[in-house]
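This report refers to the structure that appears directly beneath it.
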Amino acid sequence: MLAERMLKVDELFQEGKLAFIAGPCSVEGKKMLEETASFLSGLGVKMLRGGLFKPRTSPDSFQGLREKGLSIMREVADDYGMIMITEVMDAENISMVGQYTDVFQVGSRNSQNFPLLTALGKQKKPVLLKRGFGNTTEEFYQSSRYISSQGNDQIILVERGIRTFEDSTRFTLDISSIPVMRKRVGYPIVIDPSHPAGKREYVEPLSLAAVAAGANGLMIEVHPDPDNALSDGMQQVNFEQFEQIYKKALVIRNAMNSGF
Ligand code: PEP
Ligand code: MN
């Protein structure tokens, strides 16, 4: 089934509820995506992420399944009743990717690709905009305006860490961007703990801190066999680790909902 229905961000993020977006860094094939979707949907996760067009630092690294992965991901998302989220890297590919995906992801490296943002503002599907790792919160906000000023206010903001002098983690997770961005816009604010962590053992503490700081959702990379993943293997958690993070994050969210 092609993705013709226009989802609204409000259907995906509800007041007081913690939303989860999860899936592999890259879609590597149908079987691994099915295993992942089956596990995640069983837990109650509604949104399936997975990169098909991958913005890799080196041109020699795996670039994703690209066009041939679109129908695989759509089919798996439908089979497990999940929302599909995948990255689009350039404006020319919006209509092709948009025939399949429910939500367009704009990656950190494209967060100031103004022609791409403008083109996404002219269509109606939700856009998940990641913060550029060299961008201030003001620049992040202005990037979102490139989309909204064209008429599309279906935006999800994702903080995924910024580059600092600290090198014990891959990026530095800027938790303060949650209250800062919250003051400026009403869009859901999601934390991606995987890319700043760089190592899977740090994904849980970053996730829990984000929930306590008021994030509306978490976007976590999970893989059936992280050590053999084709991209970002070190930071992807396995199913067991994901389940722990999921349960603990909900405990924190529920505690916050119950008041103090
Ligand atoms: C991703 O989420 O697949 C990704 C490439 O992350 P980022 O753009 O934040 O580096
Ligand atoms: Mn990744």
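Tabulated results
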| item | result |
| --- | --- |
| When residues of the stretch 200-242 are limited to those that are open to solvent by 30 Å² or more (accessible area, probe 1.4 Å) and of a type in the set (A, V, I, L, M), the one nearest to G161 (Cα to Cα) | L206 |
| Test for K30: is it open to solvent by 30 Å² or more (accessible area, probe 1.4 Å) and either over 16 Å from the mean Cα position of the chain (by Cα) or within 16 Å of ligand 1 (Cβ to nearest atom) (or both) | yes |
| Filter result (of a type in the set (A, V, I, L, M) and farther than 24 Å from Q14 by Cα) within the stretch 174-202 | A197 |
| Residues of the stretch 14-56 satisfying the condition of being within 17 Å of K130 (Cα to Cα), out of contact with any helix residue (DSSP H, G or I) (no Cβ under 9 Å at 6 or more places or on another chain) and part of a loop (DSSP other than H, G, I, E, B) | K54, R56 |
| Residue in the stretch 14-23 that is away from ligand 1 (no atom under 16 Å from the Cβ), farther than 23 Å from P193 by Cβ, more than 18 Å from the chain's Cα centre (by Cα) and surrounded by fewer than 18 Cβ atoms within 10 Å (Cβ to Cβ) present | no |
| Residue within the stretch 37-48 that is over 20 Å from I21 (Cβ atoms) and buried (at least 19 other Cβ atoms within 10 Å of the Cβ) present | no |
| Condition met for P59 (within 18 Å of the chain's Cα centre (by Cα), surrounded by fewer than 19 Cβ atoms within 10 Å (Cβ to Cβ) and assigned to a loop (DSSP other than H, G, I, E, B)) | no |
| Considering residues of the stretch 137-175 that are in contact (Cβ under 8 Å) with a residue 60 or more places away in the chain and open to solvent by less than 60 Å² (accessible area, probe 1.4 Å) only, the residue farthest from the chain's Cα centre (by Cα) | Q154 |
| Residue within the stretch 150-170 that is of a type in the set (F, W, Y) and within 16 Å of ligand 1 (Cβ to nearest atom) present | no |
| Residue that is surrounded by the fewest Cβ atoms within 10 Å (Cβ to Cβ), among those in the stretch 176-192 that are more than 16 Å from ligand 2 (Cβ to nearest atom) and in contact (Cβ under 8 Å) with a residue 60 or more places away in the chain | P188 |
| Test result for V211, away from ligand 1 (no atom under 16 Å from the Cβ) and aliphatic (A, V, I, L, M) | yes |
| Odd one out for N254, checked against (1) without any contact (Cβ under 8 Å) to a residue 40 or more places away in the chain; (2) within 14 Å of ligand 2 (Cβ to nearest atom); (3) open to solvent by 20 Å² or more (accessible area, probe 1.4 Å) | (2) |
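The values are calculated or read from the model by the stated rules, or taken from the named source; none is laboratory data. Quick caveat, the model's predicted, so the values are computed rather than measured. Neighbour counts are summed over all protein chains in view; Cβ atoms, including those assigned to glycine, are modelled from backbone coordinates with ideal geometry. All accessible areas refer to the heavy atoms of the entire protein, side chains included, with ligands and DNA or RNA removed. Shrake-Rupley method; radii C 1.70, N 1.55, O 1.52, S 1.80 Å.
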